[in-house]
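The structure appears below as structure tokens.
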Amino acid sequence: MGRKMEGLMKAAVMTGIRKMEIQKVPIPKTRENEVLINVKHIGICGSDIHYYEFGNIGDYVIDSPFILGHEASGIIVEVGEKVTDLEVGDQVAIEPGVPCGTCDYCREGRYNLCPDIKFLATPPISGVFQEYIAFPAEMVYNLPNNMDTIEGAMLEPLNCGLYAAAHLSKIKIGQTALVLGCGCIGLLLINSLQAQGISDIYAVDVVSSRIKKAESLGVKAVWDSRSIDVVEKIKEVTGGKGADVVFETAGNKVTTQQSVHAVARGGKIVITGMVAEAEIPMDIVGLVCKEAEIHTQFRYKNLYPTAIKLVSEGKIDVKKVISHQCTLEEVPQIFEKCINNKAEVIKAVVAL
């Protein structure tokens, strides 16, 4: 059971657009099916930055003091009375979405599409930039002894890349992949492709630090689209064919439109990035003439055990993606840095 935690804890609370304060808030009480986790590391996601900068993502609006953050890992300090497979002292990672478990999507195993899913840091569900969190044990995963909580926090974005690479794309060894965007998700997607034995990987970005990071992963080539026509270049290296699979990870209108022209006949486009524009004109005729397929992605499902296995076996090094670390007290400053120095920050992780 562990000792009952009571009192106050520190939390980074968003109090308005581009306003964040370190406050004292109550330590959450643990329900019978939950564990209380002393949070040790939290990744800062692009969605956190977007909420902080604009106050909303689509119809999800922050209209009162709110705690962001959903990529978390830590150590269990308290166990609910109905929890049997986790113990105090366990080092764990949190899968941040809790589905209803009873809708058609959940019953089919597609719980990422559950309309009633409660996802951390998605209004009205508060997030995890705080010292402790009580969370349902069914969505908490034990980490092997050879993994740490930094890697545990990085499992959430890894799942995004892994879902696109291993499940949605159906890419085969020998096929060519083009990754449009070398931010955190793009880089982890490249790692996921490599873990499957895919070697013909080309990547694109406009930020020099991200280009260098992608180059360090050992892809075939990384192109700066400010100076190179990406569509012509991918056709050049594939004998005029184009990429068998194009992954759009930048969440950008231009790259989304570009994917149609870069994909091969009979190929596939996987839209992983969350594009800000609600409507984007695309060359549908060009897509139809290629009989190419577009597959969109919403989060991930059923992948935490696989991600843990890949990291623990050394097949994916998630720490390579991290560019910045900070304390909980420094969260307001790192959020501003993520906005003002986008070219510098690839992935920031908070250490408690």
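The values are calculated or read from the model by the stated rules, or taken from the named source; none is laboratory data. Predicted, not measured: the structure shown is a model, and the values here were computed from it. Please note: Cβ atoms are built from the backbone with ideal geometry, for glycine as well, and neighbour counts cover all protein chains shown.
Structure data summary
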{"quantity": "Residue selected from the range 267-310 under the condition over 16 Å from Asp244 (Cα atoms) and small (Gly, Ala, Ser), by the criterion modelled with the highest pLDDT", "calculated": "Ala307"}
{"quantity": "Selected residue [touching a residue at least 60 places away in the same chain (Cβ under 8 Å), crowded, with 22+ Cβ neighbours inside 10 Å, within 17 Å of Lys347 (Cα to Cα) and not aromatic (Phe, Trp, Tyr)] from Leu189, Leu178, Leu217", "calculated": "Leu189"}
{"quantity": "Glu81 more than 18 Å from Val39 (Cα to Cα), at pLDDT 95 or above and acidic (Asp, Glu)", "calculated": "yes"}
{"quantity": "From Lys10, Lys40, Lys24, residue being free of Cβ contacts under 8 Å to residues at least 24 places away in the same chain and either closer than 16 Å to Glu329 by Cα or touching a Gly at 6+ places or on another chain (Cβ under 9 Å) (or both)", "calculated": "Lys24"}
{"quantity": "So Leu328, is it of a type in the set (A, V, I, L, M, F, W, C) and within 16 Å of His70 (Cβ to Cβ)", "calculated": "yes"}
{"quantity": "Filtered residues of the range 308-323 (kept if of a type outside the set (S, T, N, Q), surrounded by 15 or more Cβ atoms within 10 Å (Cβ to Cβ) and assigned to a helix (DSSP H, G or I))", "calculated": "Ile308, Leu310, Val311, Val318, Lys320, Val321"}
{"quantity": "Selection from the range 328-352 of residues that are touching a Ser or Thr at 6+ places or on another chain (Cβ under 9 Å), charged (D, E, K, R) and over 21 Å from Ala72 (Cα atoms)", "calculated": "Glu344"}
{"quantity": "Residue that is nearest to Val318 (Cα to Cα) [pool: residues in the range 21-42 that are crowded, with 23+ Cβ neighbours inside 10 Å and in contact with a Leu (Cβ under 9 Å, 6 or more places away or on another chain)]", "calculated": "Ile42"}
{"quantity": "Among (1) out of contact with any strand residue (DSSP E or B) (no Cβ under 7 Å at 6 or more places or on another chain); (2) modelled with pLDDT of 95 or more; (3) surrounded by fewer than 17 Cβ atoms within 10 Å (Cβ to Cβ) - the single one Cys114 does not satisfy", "calculated": "(3)"}
{"quantity": "Among residues of the range 43-57, those that are free of Cβ contacts under 8 Å to residues at least 60 places away in the same chain and in a loop (DSSP other than H, G, I, E, B), counted", "calculated": "1"}
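Results for (1) more than 13 Å from Gly161 (Cβ to Cβ); (2) acidic (Asp, Glu); (3) at pLDDT below 95; (4) in contact with a strand residue (DSSP E or B) (Cβ under 8 Å, 6 or more places away or on another chain), shown as yes or no for each residue.
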position	(1), (2), (3), (4)
Leu178	yes, no, no, yes
Asn191	no, no, no, no
Tyr202	yes, no, no, yes
Ile211	yes, no, no, yes
Ala221	yes, no, no, yes
Asp229	yes, yes, no, no
Glu236	yes, yes, no, no
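Yes or no, residue by residue, for (1) among the hydrophobic types (A, V, I, L, M, F, W, C); (2) in a strand (DSSP E or B):
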residue	(1), (2)
Glu32	no, no
Val35	yes, yes
His41	no, yes
Ser73	no, yes
